[in-house]
Amino acid sequence: MLVDYPMRLFKFYRDGFRGMTVGKTLWKIIIIKLIIMFAVLKFFFFPNYLNTNFSTDQQRADHVIEQLTRSTGNNY
Amino acid sequence: MKMGEIDLTMVNWARAQFILTVMYHWIFVPITLGLSFLCAFFESMYVRTGDDEWKKLTKFWMTLFGINFAIGVATGIILEFQFGTNWSNYSWMVGDIFGAPLAIEGIFAFFLEATFFAVMFFGWERTSKRFHLFSTWMVAIGSNLSALWILVANGWMQYPVGMAFNPESARFEMQNFWEVLFSPVAIAKFTHTTSSSFVVGSFFVISISSYYLLKGRHVNMAKRSIIVASVFGLISSLFTAFTGDESAFANAHYQPMKLAAYEGLYEGERGADIVALGILNSGKRLGDGQEPFAFEVSIPKGLSIMAKRELNAFVPGIKDLVYGNEAEGIMSVAEKMEKGKAAVADFAAIQEAGKSGDEQAKAAALERFKVNQDYLGFGYLDTPEEIVPPVATVYYSFHIMVYLGSFFILLFMLYLYFSYKDTLEDKIWLLALGFCSFFLALTASELGWVVAEVGRQPWAIQDLMPVKMATTNIGVGHVQTTFFMFFVLFGALLIAEIKIMLKQIKIGPEGV
């Protein structure tokens, strides 16, 4: 009984996906959207600035602190 | 900080990109939150009565729910991309606070949705009626729990509690998770946002059902759907009005400038009236002595009651909050800026002492920093007037939202009354109005976001970090390019959703 369970679960999803009507179109849209978002937008246009330009948390912290304190001497 | 060092054009393009993404994302979210519960109600009726008409009806609305979910899913992830690229200072500083709520969202709510989502769509003939119903309820609860964690994170930005700022790492560190979760602002945000989303979901159903009644198609299904959606919508509308009042009360305590802006209150007063209907004087500037309104109809003492629950309580106006009011114990922004600049200077001194290895100087700078750290954000302002958000945008957004919200209560009542009288089909004017209602509800929901977010400008984190300090020092061209890329992508996705949705509506319940 317990051995059957993964197979039943697999069949549940397999039959569900096979029986889809409008769902097939929706899945195509979801996949295209995710490819555009992760393989194009994220990869080419949205690098994580701090992770890309600095290798340690200390360097990232130093950069942000520099941004937040850089011209205090001029104003205060 | 001299503004010459910050590219304000970049800041504004990054803002515009964020606005575009959030407002697009927010088309789908309220429909998901509201329609998920309506599907659960419809299916509960099916399980209770055993009537196949309810089953057919449930499957139809579930299909539309699925379309909306599929098109909307992951559009919120784009916001996270933007955090890392355009808002890296902010991301770094809040990482510790946002990590916990967003991780819980991912693990708990998302997996709850994902697990039961499959049963909801694939399990009609493969699971028992009761387990299927349980799954539908779990999807509804899971979707709304997702919203809880996002809104807790947003609530923290509006009222940062349960944390301490570590000047050595430049991070806000979580001190008390429960204080963050149960912050009055987070609770007000969650209850108001979800209940208003239920209203949007209800009008989604009423709008399409009204269309069917106008066309004389699927009449029985449309009437049943309208009754359930009207009851849910009416209860949600009343609750939205209550939670809206609670939000205003929270604003009065934690974000008084936002309240003053959306009420158009320039001069604070005791027993302050609330403007029920008014047109702002567009020539009005802070401190120029001109009347703030070209025309107004006010309710005596209404604002004092709403803001402080007292008839004669003092409600500070924009002028009091900018220039201070000694009699009412309100510090001027100029004074806060002095303290803020001292905090920024000590923040720098801590780093300098750390680099030179002077532990004594570092400890002294840290002690001085702690005295003024609550004013840190004010140290980055150039003028006291910078803390005033765009008054007209916030004022009109708020008032249109309130008028629409009040109108919705009446509309739900009319739908219920004529449904009870069984004359709904004859009321063409009401059905036409109901058909438009979804677009009005979505407008009100988007305006609510404008009030909450534009109303708290210039702050990314209230009093601690202005938006201009939250950005990454990258070129404006990059942000402009991605703005237009998103514009095209979102436009294409929206056209796809509308086309698929319209096709499915045209087919009706027979096609599911």
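The values are calculated or read from the model by the stated rules, or taken from the named source; none is laboratory data. This one's a predicted model, so the numbers in the text were calculated from it and none came from an experiment. Here the Cβ is made from the backbone with ideal geometry for all residues, glycine too, and neighbour counts use every protein chain on show. Keep in mind that these areas ignore ligands, DNA and RNA; they rest on the heavy atoms of the full protein, side chains included. Shrake-Rupley method; radii C 1.70, N 1.55, O 1.52, S 1.80 Å.
General remarks:
- Peptide A:22-29 - average C-beta neighbours from other chains (10 Å radius): 6
- Percent of Cα pairs in the protein assembly as shown per distance bin of 20 Å, from zero to the largest separation: 18, 48, 28, 5, 0.
- Think of a 1.4 Å ball rolled over the protein heavy atoms: segment B:227-349 then has 44 Å² of accessible area per residue.
- Calculated on the alpha-carbon coordinates, the convex hull of segment B:256-342 measures out at 99 cubic angstrom per residue.
- Partner aspartates and glutamates whose Cα lies under 13 Å from the Cα of B:Lys129, excluding those fewer than 8 positions away in the same chain, are identified as B:Glu43, B:Asp51, B:Asp52.
- Spin-label model distance (nm) - B:Phe177 vs B:Ser356, 7 Å beyond Cα toward Cβ: 4.2
- Segment B:177-325: relative contact order as a whole-number percent, Cα under 8 Å and 6+ apart: 22
- Whichever aspartates and glutamates have a C-alpha closer than 14 Å to that of A:Lys28, once near sequence neighbours (fewer than 8 apart) are set aside: B:Glu497
- The value of relative contact order for chain B, using C-alpha pairs under 8 Å at least six residues apart, is 20 percent.
- Theoretical gain in end-to-end length, B:Ile299 to B:Thr443 [0.36 nm per residue, Cα-Cα removed]: 49.3 nm
- Dmax and Rg, reported as Rg then Dmax, of segment B:198-297 (C-alpha, Å): 20.7, 61
- Both radii were evaluated on the Cα set of segment B:295-376; the Rg over Rh quotient, with Rh as the Kirkwood radius, amounts to 1.29.
- Net charge contributed by nearby residues that have their C-beta within less than 11 Å of B:Tyr46 (K/R +1, D/E -1): +2
- Amide H contacts of B:Gly278 (H built 1.01 Å from N, under 5 Å, at least 5 apart or other chain): B:Val297
- Other protein chain C-beta atoms within 10 Å of residue C-beta, averaged over B:340-346: 3.
- Here the accessible area of chain B is 64 percent carbon and sulfur, with a 1.4 angstrom probe and all protein chains present.
- Neighbouring Cβ atoms from other chains, within 10 Å of the Cβ of residues in B:69-78, number 4 on average.
- Each semi-axis of the equivalent ellipsoid for segment B:143-274 is √(5λ) with λ an eigenvalue of the Cα gyration tensor; in descending order they amount to 38, 21, 11 Å.
- Peptides ranked, highest mean first, by Cβ atoms within 10 Å: ranges B:75-88, B:122-135, B:467-480: B:75-88, B:467-480, B:122-135
- Near the amide H of B:Gln175, within less than 5 Å, lie the amide hydrogens of B:Met163, B:Ala164, all on another chain or at least 5 residues away, with H placed in the peptide plane.
- Working note: Karplus 6.51/-1.76/1.60 with θ = phi - 60° gives segment B:252-264 the couplings 4, 8, 10, 9, x, 5, 4, 4, 4, 5, 6, 9, x Hz, where Gly and Pro are set to x.
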